[in-house]
Amino acid sequence: MNNSVTNTVRLLGAGLRALLVLTLVTGVIYPLVVTGIAQGLFHDKANGSEIKADGKVVGSSLIGQQGYSLKYFQPRPAGGLGTNSVNTQYKLILSGATNLAADSKDLVKQVEDAKAKVVKDNSVPGYTVSPAQVPADAVTSSGSGLDPAISPEYAELQVHRVAAKNNLPVAQVEKLVKDHTQGRTLGFMGEPRVNVLELNIALKDLAAKQ
């Protein structure tokens, strides 16, 4: 009986020591090491890839925003699920696609309405947009519904409208788009893209200098 109790106490003690050691290693040391490496080598990414303007955080380079006026470049349509009343720049609280089939009448109507709006908004005196010029990302949301970037084609389509609304030369706005166009990741992954928030911040600075 005494041996049984002794063995039980010994096993409990060993289990407790193992629990304490593993808690220390996996719950304290490992997180501290990973956090230290992340902060040291990937500081910006580890803190949410924040974008600052005028000394304030105005968003993240990873999450698209809605609600820009026509003075600015427009993002892709948002296709997430649900809204919030806390931060209206981020209208969606759940990311996700529409899940509508390609032959869905609702999806077809959404695309047609979006295309008509893009044509109307971006047709200015001296520059008329045709429906054939409208790229797919201008009328459809991404898989997450929160894509922060648009294609260079969609950005270029908006140049004349943005230039007219801000009283800027078209050539200056075109250069702005070119300067903010990012190539494929590692040269072969993904597609060229333009981060809308970063582009609009640069546009605001450019307009303020005129």
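The values are calculated or read from the model by the stated rules, or taken from the named source; none is laboratory data. The shown structure was predicted, so the numbers you read here are calculated from the model rather than taken from an experiment. Every residue, glycine among them, receives a Cβ derived from its backbone with ideal geometry; neighbour counts consider all protein chains shown.
Quick notes on this structure:
- Assessment of region 184-192 against the conditions (closer than 20 Å to Asp121 by Cβ, free of Cβ contacts under 8 Å to residues at least 60 places away in the same chain, β-branched (Val, Ile, Thr) and surrounded by fewer than 15 Cβ atoms within 10 Å (Cβ to Cβ)) yields no matching residue.
- Looking only at residues of region 143-200 that are basic (Lys, Arg) and under 19 Å from the mean Cα position of the chain (by Cα), we find that the one that is modelled with the lowest pLDDT is Arg184.
- Only residues that are more than 24 Å from Gly190 (Cβ to Cβ), among the hydrophobic types (A, V, I, L, M, F, W, C) and part of a helix (DSSP H, G or I) were counted across region 108-147, and they come to 4.
- Only a single criterion out of (1) surrounded by fewer than 18 Cβ atoms within 10 Å (Cβ to Cβ); (2) among the hydrophobic types (A, V, I, L, M, F, W, C); (3) closer than 29 Å to Lys209 by Cβ is not satisfied by Ala132, namely (3).
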